[in-house]
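Reading through the structure tokens given below for one structure.
The values are calculated or read from the model by the stated rules, or taken from the named source; none is laboratory data. None of the values given here were measured: they were computed from a predicted structure. Neighbour counts are summed over all protein chains in view; Cβ atoms, including those assigned to glycine, are modelled from backbone coordinates with ideal geometry.
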Amino acid sequence: MNDMKKFLFASALGVMALGLHAQTWSQRLSAAERDYEEGRLTGIPERLQGGLDLKTKEGGFTHEERIRTHKLITKVYIFIDDEPKAEESLVNLLKTDKEHSLNPVVDPAELYFLYEKFRTKPIFRVAVKAGSNKSFPNVIETFSPSNTVVTEKIYNGNGDAPGAGTMNGTLGLGYWLEATAERHLWYGIEAGTGFHLRSSRYDVDNYVVDGATGEPTLSSYIANQQTYLRFPLYARYNFMYFKGSGPIPYVNLGLSYDFLLNAQYTEASRRGGTAFTLSTNNNLKDLGMVERSNMSATIGAGVKLRVKTHFLTLELRYDKSMFNYINENKRWNGNQFLTYDLAFVEDDLALDMISFSVGFTYSVYSPKKLKEFR
């Protein structure tokens, strides 16, 4: 009889062990949560650790279940007064769910107290943007071998040719790439800096006009292309920065140091008089005809669209050049064959730009206990 009891008891244990083994990690998590609610805390972390060690594809916890598990284990350690392990488990929770938010309805005050001792926001963000730009040459003073009172140059095809003259100017489009690092300071204000590579151009239609007839006796077309390496410094204000979902509109203000990598005439032609062919000696930077550095003031507006803890950005920006693009001392003698063969001399001008971009902002987190609570 005793042997029979032993056999039945061993069989029952075997069935129980088999049933426990057959449980999925999802079922074990649900059972552990029920035990927590009923105050049975002992052994919960050990029972769930295996599901954390396994990858999801290996049968371990899903991403959402890992969040629930780390949170449950944190609460267990809080209530058994094991603060070091509670802190370690909270860090694991924040690594799994970067911006985990607590629920005042269900989460205990003790968890709130611990949560407030930790850095839960990004330490900085890395943003990459790409876009197109359109130049708006802002003429400071006009220069020409012809009578500037009779006719002015036409930039980027924006104007009417005199008399029966024709125009070749394009819209003056270019492109740019930017990589920046930025950090939130306070109340939705961010600051950032980085690198900006801009390729831009402007087109000029130039005319020498017969004062009596108003007809052009000579017309020329020139395309001026520039490549800048820029170093922006900016501040941004985000409206509804702490909004948990939905778009976040923002405005930018900034300054940029602009270093000229290259400038050249990519196209040049002439109608009237002798034929003209663009020479290889057309690098304006090497000829000293343009300034090698400049400064720009920037204003922009855009919107951030959340992608989990990161952002997709759409932005419209205006750059106001602060100084003359043309070297006044080399205007006439920097490249004389252009002056005489094309009857063209550069105006004093500032290169203003309007641009549109699409970007992605990646948030970098490092959850750790705040210094004042260590």
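Quick notes
- Selection of segment 281-298 for residues being in contact (Cβ under 8 Å) with a residue 24 or more places away in the chain and surrounded by fewer than 16 Cβ atoms within 10 Å (Cβ to Cβ) yields Asn281, Gly288, Arg292, Ser293, Met295, Ala297.
- When restricted to residues that are in a loop (DSSP other than H, G, I, E, B) and of a type in the set (Lys, Arg), segment 101-134 contains 3.
- Residue check, Val345 modelled with pLDDT under 95, touching a helix residue (DSSP H, G or I) at 6+ places or on another chain (Cβ under 9 Å) and under 20 Å from Glu152 (Cα atoms): yes
- Filter pass, Glu64 being closer than 23 Å to Ser363 by Cβ, of a type outside the set (Val, Ile, Thr) and either at pLDDT 85 or above or surrounded by 14 or more Cβ atoms within 10 Å (Cβ to Cβ) (or both): yes
- Boolean, Ala343 is small (Gly, Ala, Ser), at negative phi and over 20 Å from the mean Cα position of the chain (by Cα): no
- The one condition in (1) outside any strand (DSSP E or B); (2) buried (at least 20 other Cβ atoms within 10 Å of the Cβ) that Leu278 fails to fulfil: (2)
- Ala130 surrounded by fewer than 17 Cβ atoms within 10 Å (Cβ to Cβ), within 29 Å of the chain's Cα centre (by Cα) and among the small types (Gly, Ala, Ser): yes
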